[in-house]
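The block underneath contains the structure these notes are about, expressed in structure tokens.
The values are calculated or read from the model by the stated rules, or taken from the named source; none is laboratory data. Keep in mind it's a predicted model, so treat the numbers as computed, not measured. Glycine gets a Cβ as well: all are built from the backbone with ideal geometry, and neighbour counts include every protein chain shown.
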Amino acid sequence: MSPDTMAQHHGHDPAHHDGAGHGTLKGYLTGFILAVILTAIPFWLVMGEVFANPQVTAFAVMALAVVQVVVHMVYFLHMNSRSEGGWTMLALIFTLVVVAITLSGSLWVMYHLNANMMPMPHHDMRGIP
């Protein structure tokens, strides 16, 4: 039995491509170089105190972190709209929506709990056992 016949016998068709990009050395090196650069820039921003406002630095670091996540998903996880018929991208979008709802809902609840809690004066605490 030839290797192609054995592969077809076990449910694997060598001519079948699901559109998933398999990594090449060039692709992995490109991803690695981008990941190193996207790690070095935030390090430089923080250690070099490039921005006077720490909130601007934090925003820049978070934006570069999002870019790095995308680089990892494209170059190392090979996620694109064609892989597995688009199901991986759909699963990613669903996960991002759930995370966004959870985070925004949690922040909303914490803000309103803080804003709506009844303040207790310190002098009234003497009578509490």
- Item | Search result, residues across the range 1-26 that are touching a helix residue (DSSP H, G or I) at 6+ places or on another chain (Cβ under 6 Å) and either farther than 23 Å from SER81 by Cβ or modelled with pLDDT of 55 or more (or both) | PRO14
- Between residues in the range 81-108 that are without any contact (Cβ under 8 Å) to a residue 60 or more places away in the chain and residues that are part of a helix (DSSP H, G or I), which pairs lie under 6 Å by C-beta distance while being six or more apart or on different chains? SER81/MET89
- Item | Subset of the range 62-91 [assigned to a helix (DSSP H, G or I), within 23 Å of THR30 (Cα to Cα) and aliphatic (A, V, I, L, M)] | MET62, ALA63, LEU64, ALA65, VAL66, VAL67, VAL69, VAL70, VAL71, MET73, VAL74, MET89
- Note on the structure: GLY48 vs (1) within 22 Å of THR24 (Cβ to Cβ); (2) assigned by TED's automatic domain parsing to the domain that holds LYS26: all pass except (1)
- Which residues, counting only those in the range 45-61, are in a helix (DSSP H, G or I) and either of a type in the set (Gly, Ala, Ser) or surrounded by 11 or more Cβ atoms within 10 Å (Cβ to Cβ) (or both)? LEU45, VAL46, VAL56, THR57, ALA58, PHE59, ALA60, VAL61
